[in-house]
């Protein structure tokens, strides 16, 4: 019987790996604007492309975690406004 | 190098220092990525998740190799000549401390109000 959802431990590790990959994508993209060396920039571009694909693969597997839920279009409350919950 | 970010002396070989620093960060992330993925794999049981992590692990190992090779070629990383590496480490630490002590950013960077409402909302009335 193949269980519908992922096991607890692997689900948490997928959460960690997905977040790590997301941050690496953000950072590599950001740094491409800063580096001077074009070979380094090209290697970061390769990382960006690989990371995008890896993240998409992770996202689909991550959908079968036990704590899955529908993802809203965008954060309901704006993060920066004065009264926002995250102040 | 000194604490005055406007002093042109500080721009001397700044590109190389910046590139080296950004490359070291890139290398560190690649190393961390390999380690994180390997650990995650050892906690993963579902076949689909395992095959995904195995692929990402080998891809990560390959990228780590590429970054290491580039850095050695550019003389940003000296795994064999440790005296060279020592000098780079100390120099980077010294310069980064100096940058850390510079006053680079305006005091208030909250940019309050620039992002949390539609542009004309606060004007109100028919002008909104």
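Descriptive notes on the structure:
- Helices (runs of 4 or more DSSP H) contained in the range B:1-112 and holding at least 3 residues without any contact (Cβ under 8 Å) to a residue 60 or more places away in the chain, surrounded by 12 or more Cβ atoms within 10 Å (Cβ to Cβ) and within 11 Å of chain A (Cβ to nearest Cβ): B:14-41, B:47-73
- Every residue from the range A:27-38 that is assigned to a helix (DSSP H, G or I) and in contact with a helix residue (DSSP H, G or I) (Cβ under 6 Å, 6 or more places away or on another chain): A:28, A:29, A:31, A:32
- Pick from the range A:13-26, criterion more than 7 Å from chain B (Cβ to nearest Cβ) and touching a helix residue (DSSP H, G or I) at 6+ places or on another chain (Cβ under 7 Å), ranking: surrounded by the most Cβ atoms within 10 Å (Cβ to Cβ): A:21
Just so you know, all these numbers are worked out from the coordinates, no wet-lab data involved. A quick note: this is a predicted structure, and the numbers were derived from the prediction, not measured. A quick note on method: Cβ atoms are made from the backbone with ideal geometry, for glycine too, and the neighbour counts reach across all protein chains shown.
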